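Enquirer: One structure is given below, represented as structure tokens, and several questions about it will come after.
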There are 2 protein chains.
Amino acid sequence: MSSTDDSASAPMTDEETASAGFSDDGKNTIGSQLASRLREAIISGELEAGSKINLDKARRTFNVSLSPLREGLARLISDGLVEFQDNRGYRVAPISLANLEEITTLREELEVFALRESMRLGDVEWESNIMRSLHRLNRTDRDASRPETLEQWEALHREFHLTLISGCGKPLLLHFCGLLLNLNDRYRRVFLIRTSGDRNVGQEHSEIAQGAVARDIEYASEKLRQHIHRTGTNLRNHLATKGIV
Amino acid sequence: MSSTDDSASAPMTDEETASAGFSDDGKNTIGSQLASRLREAIISGELEAGSKINLDKARRTFNVSLSPLREGLARLISDGLVEFQDNRGYRVAPISLANLEEITTLREELEVFALRESMRLGDVEWESNIMRSLHRLNRTDRDASRPETLEQWEALHREFHLTLISGCGKPLLLHFCGLLLNLNDRYRRVFLIRTSGDRNVGQEHSEIAQGAVARDIEYASEKLRQHIHRTGTNLRNHLATKGIV
DNA sequence: CATTGACAGATAATCGATTATTTTTAATAG
DNA sequence: CTATTAAAAATAATCGATTATCTGTCAATG
């Protein structure tokens, strides 16, 4: 709902090159930094879904004390990426077919609704942002072999989807959509190295963006719905392949 | 998303009467207990919306140490009842007309969708639970003069709404609806002492429940939508009266 | 042989003190 | 007087140690 951090931005070297070192742009406290690192570790699959998070081990791994560790984990609970039980500790949120299907269904409901509201309420600024996000996304290739390219694409993709619905004027709705996007991205990053051959995702994005900017509500909504649905189907097949229930 | 605690149940004296004292039903850790107490304090308006939460003061008020205090606050962030900023601390989530309207809109979208899914998927157990919740709710009077009656009614009301949609088989959706219900309840408890004269809320609840159990999808959906909408309108008027923007 | 209970080790929760950051106050220059 | 800056006070974040809780093991019992 609140929290301070971005998770999808900041294109700079880890330590903020020499110069003045004025890094006061976000992720300040250790807790915040940890939240980002853990989020990335979970979404990328580095931390296995469903696995237990041992506090002592994690503390040593990340070289921090308990307090900020718990702080960071608490944020990931808000994100739905970590589960918690009193006196039993934390574990990475499990994945399942049912979970994926729910995420897809809810995205179809919420994200499409948010897009409609955006088309109803968005201003020129919103339109411009869409075109910019689209361009950046389409100019970036998703090369499975290079992880940093993949991460970059994921960040831009997320950015694009959020921008699409950013004109809706509903912070809570945007928050929910952001959560769902996060959850969905984990499935993609863990399971989907290549996109299905019969899809042209760039094309899909362009159609949605064009429709949105043109305020063609029915067209854009349907294109977005299909886009989300296809991704869901695609992912489901991959899950099935790996035998996940 | 996860977290251990109920917030709407446990009808027993604070200290779990003599006998064995086997209270292992929930709210165990200090952090959990704090989360409950703080949630109640915020929803009831005891902690003013928008006000800063001073950690030291809170620590002394609740007689706890920093760690569990932060733990508890972290949960309320998930609930959208508390906002947080790095190095700036916590504050009670503010209220506004726009926020109330968004909550109402999203409830109309999400709760109605969840009800439809429940009617599509719910079993007999689900139906029975609705009738039970309805009965309990309608047998409880909401007496504004006695706070404990009010609290009791609020708990049952929340329970009823959650039960209505509990058959949808979508944990995430239920989570979202629970959040919205929470946020909405705060507005009611803070601003709405009496319900508008031209409403018979008991009747409304009965109609929704009957329609749901009869699987009359259009009827029940519309009744629920109207119910939510009326509450929203009602609350908006009260906000306006108190001059809240 | 299955079940229960006590122990020990592992793990989580909490505390009190310390450190880092922000906010307020006060002093000074322009 | 107003704006700027430095010091002080208030507040938040973090640490290391301590306490509480849980989990698995193994022996005793029926």
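No lab work stands behind these numbers, since they all come straight from the coordinates. Just so it is clear, the model here is predicted, and its values are computed rather than measured. When we count neighbours, we look across all protein chains shown, and the Cβ atoms used for this are built from the backbone with ideal geometry, even at glycine.
Enquirer: Under the √(5λ) rule applied to the eigenvalues of the Cα gyration tensor, what semi-axes describe the equivalent ellipsoid of chain A? Give them in Å, descending.
Expert: 30, 22, 18
Enquirer: By the scheme Lys and Arg +1, Asp and Glu -1, what is the net charge of all other residues having a beta-carbon under 15 Å from that of A:ARG59? Intermediate results must be reported in sequence, preceding the final value.
Expert: Working: positive: A:ARG37, A:LYS52, A:LYS57, A:ARG60, A:ARG70; negative: A:ASP56, A:GLU71.
Counting the neighbours of A:ARG59, the net charge comes to +3.
Enquirer: On to the next question. Give me the dipole magnitude in Debye, nearest 20, for the protein assembly as shown about the Cα centre, with unit charges on the beta carbon: positive for Lys and Arg, negative for Asp and Glu.
Expert: Numbers: 64 positive and 74 negative charges, 52 e Å.
For this selection, approximately 260 debye.
Enquirer: Using the Karplus equation 6.51 cos²θ - 1.76 cosθ + 1.60 (θ = phi - 60°), what ³J(HN,Hα) coupling, rounded to whole Hz, does each residue of the range A:211-228 give in order, writing x for Gly and Pro?
Expert: Those phi angles translate into x, 4, 5, 7, 6, 8, 4, 5, 4, 4, 4, 5, 5, 5, 4, 4, 4, 5 Hz.
Enquirer: Right, another one. Residue by residue, what Karplus-based ³J(HN,Hα) values in Hz, rounded to whole numbers, does the range A:56-73 have, using 6.51, -1.76 and 1.60 with θ = phi - 60° and x for Gly and Pro?
Expert: 4, 4, 4, 4, 6, 3, 8, 6, 9, 8, 4, 3, x, 5, 4, 4, x, 4
Enquirer: For the range B:98-245, give the magnitude of the charge dipole about the Cα centre (Cβ charges: +1 Lys/Arg, -1 Asp/Glu; no others), in debye to the nearest 20.
Expert: In debye, rounded to 20, the range B:98-245 gives about 360.
Enquirer: Across all directions of projection, what mean area in square nanometres is found for the Cα convex hull of the range A:23-74? Display every interim value, and only then the final one.
Expert: Numbers: hull surface 15.3 nm².
Taking the Cα atoms of the range A:23-74, their convex hull projects to 3.8 nm² on average.
Enquirer: Can you tell me the equivalent ellipsoid semi-axes for the protein assembly as shown? Use √(5λ) from the Cα gyration tensor, largest first, whole Å.
Expert: 36, 29, 23
Enquirer: With a 10 Å cut-off between alpha carbons and a GNM built on chain A, which of A:LYS57, A:LYS170, A:LYS223 moves the most?
Expert: Most flexible of the set in this elastic network: A:LYS57.
Enquirer: Thinking of the range A:36-170 as a set of Cα atoms, what percent of all their pairs are more than 17 Å apart? Walk me through the intermediate numbers first.
Expert: Details: 6254 of 9045 pairs.
Summing the P(r) tail past 17 Å for the range A:36-170 gives 69 percent.
Enquirer: What whole-number value in cubic angstrom gives the convex hull volume per residue for the C-alpha atoms of the range A:79-123?
Expert: Cα-based convex hull of the range A:79-123, divided per residue, equals 98 Å³.
Enquirer: Then there's this: Just to compare against my own numbers: the Cα pair-distance distribution for the range A:97-241, 5 Å bins, whole % per bin, please.
Expert: Computed distribution, short to long bins: 2, 10, 20, 24, 23, 14, 6, 2, 0.
Enquirer: Now, a different point. I need the inter-copy label distances for A:ASN138: point set 7 Å along Cα to C-beta, values in nm with one decimal, smallest first.
Expert: Relative to the other copies, A:ASN138 has label-point distances of 5.8 nm.
Enquirer: Can you show me the helix-derived [θ] at 222 nm for chain A, built from DSSP H runs with n ≥ 4 at -39,500 (n - 2.57) apiece and divided by the number of residues, rounded to the nearest 500.
Expert: Details: 9 runs with 152 residues, N = 245.
Calculated mean residue ellipticity at 222 nm is -21000 deg cm²/dmol.
Enquirer: If you don't mind, there's one more thing I want to ask. Amide H neighbours of A:GLY89 under 5 Å, counting only residues 5+ apart in sequence or on other chains, H built in-plane at 1.01 Å?
Expert: Correct list: empty.
Enquirer: Let me confirm one metric for peptide B:70-83, namely the mean number of other chain beta-carbon atoms within 10 Å of its residues' beta-carbons.
Expert: Working: counts 5, 5, 0, 1, 10, 4, 1, 7, 8, 2, 6, 1, 2, 3.
Taking the mean over all residues of the peptide, I get 4.
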